[in-house]
Structures are given as structure tokens and as C-alpha cells.
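Derivation of every value follows stated rules applied to the coordinates shown; laboratory data play no part. Small disclaimer: the values here were computed from a predicted structure and weren't measured.
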Ligand code: PHE
């Protein structure tokens with residue numbers, strides 16, 4: 001029946017989709033050309049019973065319109081797709097290149113590198129150790145007696161108890177001294193940069209982690225004079241020839257005698273300012289002669305060998321060099337802050 005044929009054709013037209021031009025062309029050839037299906041149905045229509053003609057004619061015209069519209073819309077869609085593809089594939093070789101943004105070194109890396117290079121010149125090699133430490137390397141071997149109040153000097157993050165031994169985040173890089181001395185035979189001449197952790201409330205002046213550089217020199221006949229001269233050279237290299245140093249007696253369990261070293265304030269040059277609290281001096285490190293107990297703990301003959309050690313905070317030095325007053329800036333990763341160090345030598 002003609003009516004069913006029109007109905008089937010309509011269904012096919014409505015459902016038609018084409019994914020390429022060939023399929024659209026096949027559709028046109030099937031339905032729309034003069035030898036096509038619609039034309040054939042019109043021919044059949046001529047001999048349809050008179051009373052059905054009105055209804056069939058309407059249906060046929062509708063089918064024709066639907067097919068034409070479908071073909072037009074499918075074709076349009078395919079054409080715009082291929083235009084988009086062309087656009088995407090077009091390479092304009094005359095366009096200016098995309099700028100390559102230069103990263104910058106973190107100020108702490110810059111300062112660490114500078115410190116390491118100065119000590120390299122004096123024959124110190126770099127040595128590193130783990131950040132998760134046992135009690136022995138962080139405290140006991142360094143002459144902190146059990147229950148010694150000196151353990152309270154450093155607010156430790158304890159992680160777990162391993163049998164008799166506490167496991168903690170190292171509170172200073174002095175633990176690397178012990179590892180180094182245990183591993184080999186003197187002489188040792190090394191610096192040990194690294195991150196350390198202390199349980200402190202975070203503020204502009206304190207953080208729960210920071211960075212230190214430890215120094216160790218052990219040999220026959222090393223004296224306090226060597227310590228002073230080494231650190232004096234270091235300060236002159238880092239802060240300039242006119243920088244003065246002074247040593248104040250201090251206490252560390254692992255050095256005897258111990259001292260803290262101040263340098264003349266890099267900001268006011270000793271005149272007195274806020275940074276040096278109007279004293280003209282700023283403290284930069286702790287140091288001393290390695291305590292014979294520490295040498296013995298590490299199986300080094302303290303009758304034969306002596307040595308010195310020192311430890312400094314990298315943030316502190318960066319603060320003096322770049323006047324970064326808020327410690328939190330170092331770990332916030334704010335690009336506006338970091339970008340300021342772009343021009344520093346890499
Ligand atoms: N470890 C000490 C601290 O963290 C610094 C230090 C190192 C002092 C070596 C003397 C010798 O405060």
C-alpha cells in the first residue's frame with residue numbers, strides 16, 4: 001500500500017544521520033533524484049483511488065519536504081565540521097612563538113648553594129642523611145644523656161617508639177655528623193645541608209620545619225683557631241670583607257667548648273637597627289670543638305683526633321641577605337615572592 005510505503009520512507013528519513021559526505025550523497029540518490037524513491041511514490045500516487053488522493057498527496061508532500069530538509073541539514077553539519085578541522089590543522093608559521101617563562105630558584109636553594117660553594121673551596125664535601133632519625137643519631141650519640149634537660153631545647157616531633165628507641169623527625173643536621181663519623185675513618189671535612197623539624201607554633205619568626213647547614217672537620221691537631229679562621233673566611237665570602245665576627249661562649253651537649261657566632265649587622269652595618277635590636281650584631285650560627293664523648297660514641301679515638309663542628313640556619317642567612325622577615329614566605333610558594341629571585345645567578 002502506498003500509505004505504508006510513505007510511512008516507512010518517512011521513518012527512514014527522520015532517523016537518518018551521516019558521518020561523511022558519501023553517506024549524505026547516498027541519501028540524496030535514494031530519495032531526492034528524479035529516479036529516486038520519492039519520485040517513484042509520486043508516480044504510484046497517480047493511480048491511487050480518488051478518495052485517498054487528498055490524504056496521500058499531503059503525506060507525500062510532507063515526505064518530500066522532510067527529505068529535502070534532512071539532506072540540507074546533514075550537509076551543512078558535515079561542511080562546518082570539515083571547516084573546523086581545516087582550521088585546527090592550519091599552522092601559521094609566521095606567528096610569534098609562545099614565550100618560555102623562566103623559572104627561578106628558591107631563595108633557600110640560592111643561599112644553600114652559595115654556602116656549599118664557599119666551603120667547597122676549603123675542601124669540604126657535601127654529605128646528607130635521613131630526615132627520619134632514631135634517638136641515637138639525633139640525641140644519644142651527640143652526648144644528650146637520657147632525660148638530659150638539653151633534649152628539651154629542641155621540641156621534637158616523635159613518630160613512634162621502636163622497642164627501646166624513639167623514632168623522630170630530626171631536630172638538627174648534627175645527626176648527619178654522627179652518621180658520617182660512624183661510617184669511616186678521619187679525616188672528615190664535610191658540610192651537611194638539610195631540612196630539620198621542630199614542634200613550634202608557626203609564626204613570622206618560627207616554623208615547624210626549616211633548613212640547616214652543618215659543618216664538621218675532624219683530623220689530627222684541629223684547634224679552635226682553625227674553627228675561627230674557617231668561619232671568618234666563610235663570613236667574609238658570604239657577606240663581604242667588611243663584616244666583623246664575634247664569638248660568645250655558649251652550650252651544646254656535643255661540643256666543648258661551645259660558642260655562638262655573631263656578625264656585624266648586615267643591614268645597619270653595626271649602627272643599630274630593628275633587625276639587630278639596636279645591638280649592631282646578629283647571631284648566625286652555633287659551633288664548638290666536637291666533644292670527646294661524641295668522638296668515642298662514633299668509635300673515633302679522641303686522644304688522636306680533634307675536630308670542630310658548626311651549624312647554621314639557612315632561613316636566617318637568607319633573611320640577612322634578602323631581608324625576608326616572615327619565615328612563612330619561604331614555604332607558601334607565592335609566585336610573586338619567588339619571582340623576585342629570577343635574576344639571581346642559577
Ligand atoms: N645543632 C645545633 C642546633 O641545631 C647547632 C650546632 C651544630 C652547634 C654544630 C654546634 C655545633 O642548634
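Given only helices, namely DSSP H runs of n ≥ 4 each adding -39500 (n - 2.57), what is the per-residue ellipticity at 222 nm of the chain, to the nearest 500 deg cm²/dmol? Mind dumping the intermediate values first?
Details: 11 runs with 139 residues, N = 346.
That comes out to -12500 deg cm²/dmol.
For the chain, what relative contact order do you get, as a whole percent, if you take Cα pairs closer than 8 Å and at least 6 residues apart?
Result for the chain is 16 percent.
Rounded, prolate or oblate: which one fits segment 107-344, using the alpha carbon gyration tensor with axes a ≥ b ≥ c (rounded when a/c is under 1.5, else prolate when a/b beats b/c, else oblate)?
Details: a/c = 1.70, a/b = 1.26, b/c = 1.35.
Note, shape of segment 107-344 comes out oblate.
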Notebook entry, point to check: If one computes the Cα centroid of segment 237-281 and of segment 310-346, what distance in Å separates the two points?
Noted result: 20
Next item on the list: Can you grab the distance from the C-alpha centre of segment 196-216 to the C-alpha centre of segment 46-89, Å, no decimals?
Entry: 76
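Antiparallel versus total DSSP beta bridges in the chain: what percent is that, nearest 5? Provide the component values of the computation, followed by the final result.
On the way: 45 of 47 bridges.
Antiparallel bridges: around 95 percent, rounded to the nearest 5.
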